[in-house]
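This report refers to the structure that appears directly beneath it.
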Amino acid sequence: TPTPSPTCSNSGPVVRKTPLITFLEILQQTALNTLGPKNFDPKLYVDLSLKSNLSITQSAFDDLPRTPNGSVSVTDFNGFIQSYFNGAGEDLVYTEPVDFVSEPEGFLPEVVNREVRAWALEVHSLWKNLSRKVSDRVLDRPEFHTLLPLAKPVMIPGSRFREVYYWDSYWVIRGLLASKMYETAKGIVTNLISLIDEFGHVLNGARAYYTNRSQPPLLSAMVYDIYTRTGDIDFARKSSPALLKEHKFWNSEIHSVRIHDAEGCNRTLSRYYAMWNKPRPESSTIDIETASKLMNDSAKQHLYRELASTAESGWDFSTRWMRNGSDLTTLATTSIIPVDLNAFILKMELDIAFLANVTGDCTISVHFQEAAQARKQAMNSVFWTAEMGQWLDYWLSNGTTCRGHTWEASNQNRNIFASNFVPLWIELFNSDCTLVEQVMQDLRSSGLIRAVGIATSLTNSGQQWDFPNGWAPLQHMIVEGLARSGSKEARSMAEDIAVRWIRINYVAYKKSGAMHEKYDVEKCGEFGGGGEYIPQTGFGWSNGVVLAFLEEFGWPQDLKIDCN
Ligand SMILES: OC[C@H]1O[C@H](O[C@H]2O[C@H](CO)[C@@H](O)[C@H](O)[C@H]2O)[C@H](O)[C@@H](O)[C@@H]1O
């Protein structure tokens with residue numbers, strides 16, 4: 001792995017932390033000290049909402065009896081939580097989606113096999129479990145909650161993820177479109193747009209502690225897919241200003257990086273960069289522990305920014321971002337130009353150009369077509385390697401700044417990640433038959449295609465965005481890219497991967513009664529693990545991808561669904 005530049009990551013903006021979050025982090029640390037690490041989830045404490053105002057709660061907390069070493073008894077702590085807080089998740093209430101019907105007309109017409117069809121209907125019915133509305137209590141007293149108010153119903157990923165998440169929403173929407181739930185899908189986009197209106201970007205998730213960062217930008221993809229399904233031009237028109245604002249955010253000073261390439265041209269690409277240099281509030285106790293290995297405050301602040309920036313990437317955490325794959329303190333995300341992020345922004349540019357064309361704004365359309373061409377060329381010159389048939393993340397090397405860096409081949413990260421193949425999802429790349437042919441061969445020999453899906457990487461690090469975990473979004477983008485390429489061979493490869501992925505989801509569902517956040521691509525029917533929290537169920541994007549795959553490929557009567 002190349003050496004990252006420290007010079008373009010040390011300073012940068014930091015958003016304000018609310019007094020409620022500061023207090024809940026103290027509560028989180030006290031909970032860990034009092035209850036111990038077993039089954040401890042730090043996020044639970046920053047998701048609690050107040051019953052009365054913060055100063056009353058804080059003085060009751062200060063008045064709790066303490067031993068000479070400052071600890072609180074389990075009884076006193078639990079009593080305090082009971083008296084002063086509403087439970088995590090109580091500020092979101094169940095709501096039946098307005099457009100849910102148990103078997104929508106025209107639902108997955110190509111799914112003929114009865115067993116698979118019955119299961120697909122069960123997966124479809126899970127939208128009812130994941131549907132929530134922000135309680136009026138949040139609107140009345142926003143300062144009592146870390147949950148942010150949103151006007152329309154939301155789909156949560158599930159379990160500890162009790163609030164809406166940005167990039168998860170794309171695959172939730174793909175599932176909702178297969179479920180013919182167009183109003184719910186549009187409502188999700190309306191909510192995300194309201195976050196752009198208020199904060200200038202879509203937040204990682206709809207919580208006050210997520211304002212310091214975004215997540216992989218897929219809002220334009222949501223708008224594009226909803227528009228192409230519904231033809232709702234008014235929806236496309238209303239979404240456009242927010243997309244322009246979001247494009248600015250991802251090309252702002254903190255996110256954009258200039259590279260002087262091998263041909264002597266200046267290229268501009270984007271990186272992840274969180275506006276934060278403190279522990280992530282939802283994982284504060286964990287981050288403090290991780291940073292305790294570092295000696296000085298400046299090194300700690302730098303690590304905290306890297307941790308939050310990695311959360312912005314959606315790949316939290318992975319050897320992809322680490323200089324030393326067994327040491328999280330070596331995270332270097334802000335010094336990496338990621339392939340997938342730039343593929344998403346390229347798609348954003350193409351989508352904006354398309355939507356502007358539809359709504360009759362030719363100037364914007366032409367401008368964004370040009371922006372897309374420039375980014376495509378930049379991706380080709382900075383990321384692409386013909387020898388490996390992949391796009392490789394680019395590491396900024398020592399002693400350079402983000403404003404001017406000269407490209408060197410040795411700064412491409414030659415390790416294999418599923419993200420190296422994400423550009424295939426973008427039409428500008430998948431419409432090139434020769435390119436698809438080459439990438440397909442290299443994907444085949446990459447080692448990523450395993451018994452039941454595409455592995456995230458080839459390194460078993462214990463981090464959740466590494467081997468042997470397979471994640472629904474990665475399966476979906478690569479499969480859809482291959483399937484849309486126009487090559488018969490690529491479509492057949494796509495279908496093969498999709499069938500294996502559907503099987504792993506089905507078998508795990510039958511075994512455990514749940515859809516999972518991630519799966520083990522080595523073992524059919526096993527969910528994934530690793531990382532900083534226990535495996536979660538629900539699960540928004542897994543449900544969405546299963547429905548989207550079944551919609552694309554169907555399931556014939558005689559194709560078996562179990563793994564043997
Ligand atoms: O609480 C730890 C981290 O959890 C989130 O990340 C993971 O779950 C998200 C929801 O499914 C998903 O979008 C992300 O890709 C996962 O890695 C959260 O997004 C992080 O910010 C948070 O620190």
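What to note about this one:
- Surface exposure of the chain, expressed per residue as accessible area with a 1.4 Å probe, stands at 37 Å².
- Using the alpha-carbon positions of the range 469-564, Rg (one decimal) and Dmax (whole number) come out as 13.3, 41 Å.
- Across the range 58-70, coupling constants 3J(HN,Hα) worked out from phi with the 6.51/-1.76/1.60 Karplus curve, θ = phi - 60°, read 5, 6, 5, 5, 5, 7, 4, x, 10, 6, x, 8, x Hz, and Gly and Pro carry x.
- Selection among PRO65, VAL116, CYS265 by position relative to the dipole of the chain gives PRO65 as farthest towards the positive end (Cβ unit charges, Cα centre).
- In this structure, ARG237 and GLN373 have a Cβ-Cβ separation that, at R0 = 25 Å, corresponds to a calculated FRET efficiency of about 0.50.
- Couplings for the range 202-215, taken from phi via the Karplus curve 6.51 cos²θ - 1.76 cosθ + 1.60 with θ = phi - 60°, read 7, 6, 3, x, 7, 10, 4, 7, 9, 5, 7, 7, 9, 8 Hz in order; Gly and Pro are left as x.
- Sequence of ASP351, ASP297 from largest to smallest accessible area, 1.4 Å probe: ASP297, ASP351
- The amide H of LEU331, built 1.01 Å from its N in the peptide plane, has ARG323 as neighbours under 5 Å, considering only residues 5 or more places off or on other chains.
- Projected onto its three principal axes, the C-alpha set of the range 255-344 covers 46, 25, 24 Å, listed from the longest axis down.
- 11 Å cut-off, amide nitrogen to a point 7 angstrom out along GLU143 Cα→Cβ, residues in the range 30-62: 53-56
- For ASP63 and ASN39, the FRET efficiency from 1/(1 + (r/R0)^6), where r spans their Cβ atoms and R0 equals 41 Å, is about 0.90.
- The apolar share of the surface of the range 44-154, taken as the fraction of accessible area on carbon and sulfur atoms (1.4 Å probe, ligands and nucleic acids excluded), comes to 51 percent.
- Full extension of the chain between ARG258 and SER52 gives 69.2 nm of extra length, using 0.36 nm per residue less the Cα-Cα distance.
- Burial ranking of peptide ranges 150-160, 245-255 (average Cβ count within 10 Å, highest at the top): 150-160, 245-255
- Multiplying the residue separation of GLN29 and GLU183 by 0.36 nm and subtracting their alpha-carbon distance yields 51.3 nm.
- Along its principal axes, the range 90-157 has C-alpha extents of 51, 18, 13 angstrom, given from the largest down.
- Qualifying GluC sites (Glu not before Pro) in the range 334-387, DSSP loop, other Cβ atoms within 10 Å at most 13: GLU387
- Cleavage-rule hits (trypsin sites (Lys or Arg not before Pro)) in the range 34-65: DSSP loop, at most 15 neighbouring Cβ within 10 angstrom: LYS38, LYS51
- Part-to-part distance (alpha-carbon centres) for the range 45-100 and the range 254-283, which is given in Å: 38
- Most tightly packed first, judged by the mean number of other beta-carbon atoms within 10 Å of their residues, the peptides 65-77, 232-244, 169-181 read 169-181, 232-244, 65-77.
- Amide H contacts under 5 Å for ARG207, placed H, 5+ residues apart: LEU148
- When the alpha carbon coordinates of the chain are projected onto the principal axes, the ranges are 71, 60, 51 Å, largest first.
- Point-charge dipole on Cβ atoms (K/R +1, D/E -1) for the range 451-531, about Cα centre, debye to 20: 240
- Computed 3J(HN,Hα) for the range 104-114, one whole-Hz value per residue from the Karplus formula 6.51 cos²θ - 1.76 cosθ + 1.60 where θ = phi - 60°, is x, 5, x, 6, 6, x, 8, 8, 9, 4, 5, glycine and proline marked x.
- In whole percents, the pair-distance distribution calculated for the range 143-236 from its alpha-carbon pairs, binned every 5 Å from zero, is 3, 14, 26, 26, 18, 8, 4, 1, 0.
- Surface share of carbon and sulfur [accessible, 1.4 angstrom probe, percent] for the range 330-387: 53
- Spatial offset of the range 446-465 relative to the range 177-248 amounts to 30 Å, using the alpha carbon center of each.
- Linear extension gain, ILE81 paired with ALA299, 0.36 nm per residue minus alpha-carbon span: 75.0 nm
- For the chain, a crude dipole built from +1 on the beta carbon of Lys and Arg and -1 on the beta carbon of Asp and Glu, taken about the Cα centre, is about 540 debye to the nearest 20.
- Assuming charge only on the beta carbon of Lys and Arg (+1) and of Asp and Glu (-1), the dipole of the range 198-343 about its Cα centre is about 180 debye to the nearest 20.
- Across the options PHE383, MET440, VAL138, the greatest Cα extent toward the positive end of the charge dipole of the chain (unit charges at beta carbon of Lys, Arg, Asp, Glu) belongs to VAL138.
The values are calculated or read from the model by the stated rules, or taken from the named source; none is laboratory data. All of these numbers come straight from a predicted model, not from anything done at the bench. Methodologically, a virtual Cβ is constructed for each residue, glycine included, from the backbone with ideal geometry; neighbour enumeration extends over all protein chains shown. Side chains are part of the model used for accessible areas, which takes the heavy atoms of the whole protein and leaves out ligands, DNA and RNA. Shrake-Rupley method; radii C 1.70, N 1.55, O 1.52, S 1.80 Å.
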